[in-house]
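A.B. asks: First, the structure itself, so that you have it in front of you.
The values are calculated or read from the model by the stated rules, or taken from the named source; none is laboratory data. Bear in mind the structure is a predicted one, so any value in this text is a computation, not a measurement. Note that each Cβ is placed from the backbone with ideal geometry, even for glycine, and that neighbours are counted across all protein chains shown.
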Amino acid sequence: MNLEKYFLLSILYFWASSTSLSFGVGYYTLYRPVITGLLTGIVLGRPYVGMAAGAVVNILYMDFVSTGGSLKADQCLTAIISAVSSVLLGLTPVEALAVAYPFGYLGTLIWKYRLKINTVFVKKYDNAFSKKINPDITLYNGFMPQILLYVVSTVIAVPAVIVVTLLGEYIYGIRNALYLAGFFLIFTSMFYTLYKMDKKSNLIFIFLFMSMLIMNFSSYIIFAIFLFVLAYLSDKNLISTDYNKAKKSGIISKTDLFYSWAVWMNFSHSCYSFERMQGMAYAQSMKRIFRKLYGGSDAQYEAVHRHSAFFNTEPNIGTPIHGYIISLEENNIKNNSDEKNVMFMKKGMMGIAAGMGDSYTQVVLTPLFISMSVLLCLDGRYIASIIPVIMLALIILAISYTGFMKGYYLGRESLIERINIVKNSKIKFYFSYIFSGILGSSLGRLLTTYNLSKNLTVYLLIGIISLSYVTVKIKRSLNQQ
């Protein structure tokens, strides 16, 4: 490892975990272990080895959800350490998982730090505004928090990689223990996931798991079925472009709307804090809009500051809010109306989109496409495994952009329509069946890779121990409630 590789890994960790500068899809793609592992492998010169390590890590975090400032473990840092362990130390992906797993909890320090320290930038912005300095919101939301985040990310990631490489000989000497620990983590994660599902989903999991073990069929078959089912169940109305039929002549152009949307997508969590959540990002996305509406006068700074108030919603499903608020601000300029009505409307709309949106993008879409990518990767179809991730990114972008435009051209009814579509989504209804099938196939593929017949007794013992552990944990949790 030379300085250049350490630098590139620090950039990778910062970029993947910041959720900024990736058009809003970094959280759904770059941050996921299968892609983080690939990129780490590219840095280290062995992309497929890194991707395979990331795919196994991804099994642990397949149903990962982070909402409202919560983060239980950092799957991105875990994937980087796992890929480094596989490439540099020659560990198998399962062994590398056991090495990397504890580092995931180290990464949560950054997340908690961000939510607290970003409040400093909020206060600096407020102080500058109170002194009539006319502060540039981009500096306080898009620049300073990201610079500091990179420094902190480097302080966490680089020493972690150094520790793993320095302990290489010791780690290599306990490979058998790591192998057992890795499968214990995988089985435990699987049992927890199955516990959350209904009996039908569990039966589908078992059927495809056993089918993969017995017939050892290609993951391309599952992928083809997956694409067919999604095409049949797809929520096409969610990304319809019927707003193009609406005619609206005003001060704001489509270019202005696109720019505002792009800023929001790139910086929605840049200065994420306990105090304002996405408020600073919302204000930055309105910067060009207000410059256009107020013609460069000082009033634009007051308007931007007004929108830096607390705001929190799902950043893709909730974009009709942004478009609609822009149209209201535009009408206010034309009619000289009271801005308080706009702020009241904004606060009223954000809550409903938050919970419903996360239940679709994070809970349904992301696990489906990422699990499909993991299955293909475990089957050695490395290039093909990128396809589901690209599809996911395009779907997220389409959902976000069309929502933004619909909000502006069609009004608040577009958000209500969107919520109803998500609420009645067929993909959401059948999600657990599709997901459990892919998950069962993935575990079956992993075990066939590690010679099931030779290690059957070991797998059974680890499975029994894992099941017992999960059962005890769940019972204790229920008793505490």
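A.B. asks: Run down E417, E413 and say which single residue is free of Cβ contacts under 8 Å to residues at least 12 places away in the same chain and closer than 26 Å to T241 by Cβ.
C.D. replies: On the way: E417 fails: free of Cβ contacts under 8 Å to residues at least 12 places away in the same chain.
Residue meeting the stated conditions: E413.
A.B. asks: Given T36, T29, which one is of a type in the set (S, T, Y), in a helix (DSSP H, G or I) and surrounded by 20 or more Cβ atoms within 10 Å (Cβ to Cβ)? Spell out how you get there, then give the answer.
C.D. replies: Working: T29 fails: in a helix (DSSP H, G or I).
Only one candidate qualifies: T36.
A.B. asks: Sort out for me the helices (runs of 4 or more DSSP H) sitting completely within region 393-481 that have 2 or more residues that are more than 27 Å from S359 (Cα to Cα), out of contact with any Phe, Trp or Tyr (no Cβ under 7 Å at 6 or more places or on another chain) and not small (G, A, S). Show your work before the answer.
C.D. replies: Working: elements: 413-423, 426-449, 456-480.
Fully inside region 393-481 and qualifying: 426-449, 456-480.
A.B. asks: Check whether at least one residue in region 366-373 is at pLDDT 90 or above, surrounded by fewer than 23 Cβ atoms within 10 Å (Cβ to Cβ) and out of contact with any helix residue (DSSP H, G or I) (no Cβ under 7 Å at 6 or more places or on another chain), and report yes or no.
C.D. replies: No, region 366-373 has no match at all.
A.B. asks: Further question on the same structure: Could you please give the count of residues in region 10-56 that are modelled with pLDDT of 95 or more, in contact with a Cys (Cβ under 9 Å, 6 or more places away or on another chain) and among the polar types (S, T, N, Q)?
C.D. replies: Number of matching residues: 1.
A.B. asks: State all residues of region 17-34 that are within 25 Å of D379 (Cα to Cα) and under 12 Å from the mean Cα position of the chain (by Cα); if no residue qualifies, say none.
C.D. replies: Keep residues of region 17-34 that are within 25 Å of D379 (Cα to Cα), which gives 26-34.
Result: G26, Y27, Y28, T29, L30, Y31, R32, P33.
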